[in-house]
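The values are calculated or read from the model by the stated rules, or taken from the named source; none is laboratory data. Treat the numbers as computed from the prediction; the structure is a model and nothing was measured. Note that we place each Cβ from the backbone using ideal geometry, even for glycine, and neighbour counts take in every protein chain shown. To get the accessible areas, we keep the full protein, side chains included, count just its heavy atoms, and leave off ligands, DNA and RNA. Shrake-Rupley method; radii C 1.70, N 1.55, O 1.52, S 1.80 Å.
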Amino acid sequence: MKKSLLLILFLSFFCANYAQDKINQSLKIELDSIMKSDQLLREYVSVKSETRKEEIIKEAGYANDPSFKNRIWLIMKTQDSINLIKIEKIITEFGYPGKTLVGEPTNVAAFYVIQHSSEIAQYLPLIEQAAKKGEISFTRFAMMKDRYLTQQGKEQIYGTQIQGKLRTNPETNRKEFFYYFSPMEDPSKVNKRRKKAGFETTIEEYAKEMDVEYKVYTLDEIKKMN
């Protein structure tokens with residue numbers, strides 16, 4: 001019994017070390033840095049805590065830049081372009097840098113950069129292949145597929161994409177920013193598709209998390225909305 005237990009412990013230790021040896025540590029460090037630069041400014045835009053905002057400004061190296069708040073979207077766009085160049089080089093050399101190569105959560109770094117770029121159409125098949133191989137979660141592919149369809153002016157499938165636009169509030173007659181779920185294919189079955197894809201929340205639960213009213217719109221209704 002003791003010998004069997006020792007054998008199990010040895011095999012577990014051997015497998016864990018073997019898996020760790022397979023990880024490309026230098027690539028992992030590079031991708032972690034890329035992912036941080038991708039997410040940090042986006043956190044600044046979304047976070048409500050002023051204390052955290054100040055921490056992000058310092059962390060990003062803009063503590064002494066009084067124009068930062070006015071330039072944040074330009075800074076973000078520039079950083080996205082730099083990150084995409086880096087990711088494209090990595091993909092050319094290694095293919096998609098997934099779980100086997102760099103471990104988790106580093107395996108989503110390339111996904112985020114592509115998701116925030118204008119090159120989704122080019123890399124969507126690669127993301128789908130990586131998802132089918134288990135190198136990233138299939139939900140990531142679902143999110144990118146939805147974004148691609150939305151950008152093409154088509155109905156999304158999994159209900160992951162929320163958009164915003166300026167419209168005139170009929171009650172106040174003032175221009176307001178309005179957030180809504182992008183039109184989706186057969187909304188009555190969206191939760192079945194979400195579950196099959198691996199999402200843990202229904203569309204209604206996701207709407208509450210995002211603090212956006214879940215209401216079904218058609219493509220025509222969105223086009224007519226001023």
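For the stretch 98-137, give me each residue that is farther than 18 Å from residue 28 by Cβ, open to solvent by 70 Å² or more (accessible area, probe 1.4 Å) and part of a helix (DSSP H, G or I).
122, 125, 129, 132
Given the structure, is residue 171 open to solvent by 90 Å² or more (accessible area, probe 1.4 Å), modelled with pLDDT of 95 or more and assigned to a loop (DSSP other than H, G, I, E, B)? Spell out how you get there, then give the answer.
Working: open to solvent by 90 Å² or more (accessible area, probe 1.4 Å): yes; modelled with pLDDT of 95 or more: no; assigned to a loop (DSSP other than H, G, I, E, B): yes.
No.
List the number of the failed condition for residue 42; all other conditions in (1) surrounded by fewer than 11 Cβ atoms within 10 Å (Cβ to Cβ); (2) at pLDDT 90 or above hold.
Evaluating residue 42 over (1) surrounded by fewer than 11 Cβ atoms within 10 Å (Cβ to Cβ); (2) at pLDDT 90 or above leaves (1) as the failure.
Okay, residues lined up against (1) touching a strand residue (DSSP E or B) at 6+ places or on another chain (Cβ under 8 Å); (2) open to solvent by less than 30 Å² (accessible area, probe 1.4 Å); (3) assigned to a strand (DSSP E or B); (4) of a type in the set (Phe, Trp, Tyr):
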| residue | (1), (2), (3), (4) |
| --- | --- |
| 143 | no, no, no, no |
| 149 | yes, yes, no, no |
| 165 | yes, no, yes, no |
| 177 | yes, no, yes, yes |
| 195 | no, no, no, no |
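How many residues does the stretch 210-220 hold that are open to solvent by 90 Å² or more (accessible area, probe 1.4 Å) and either at pLDDT 95 or above or farther than 24 Å from residue 131 by Cβ (or both)?
Applying the first criterion (open to solvent by 90 Å² or more (accessible area, probe 1.4 Å)) to the stretch 210-220 yields 210-211, 213, 215, 220.
Narrowing further to those that are either at pLDDT 95 or above or farther than 24 Å from residue 131 by Cβ (or both): 211, 213, 215, 220.
Adding up the residues that qualify gives 4.
Working only within the stretch 152-208, note down all residues that are of a type in the set (Asp, Glu) and under 27 Å from residue 121 (Cβ atoms). Explain how you work it out, then say what you get.
Within the stretch 152-208, the subset of a type in the set (Asp, Glu) is 155, 171, 176, 185-186, 200, 204-205.
Correct list: 155, 185, 186.
Have a look at 213, 200 and point out the one that is acidic (Asp, Glu), in a loop (DSSP other than H, G, I, E, B) and within 14 Å of residue 139 (Cβ to Cβ).
200
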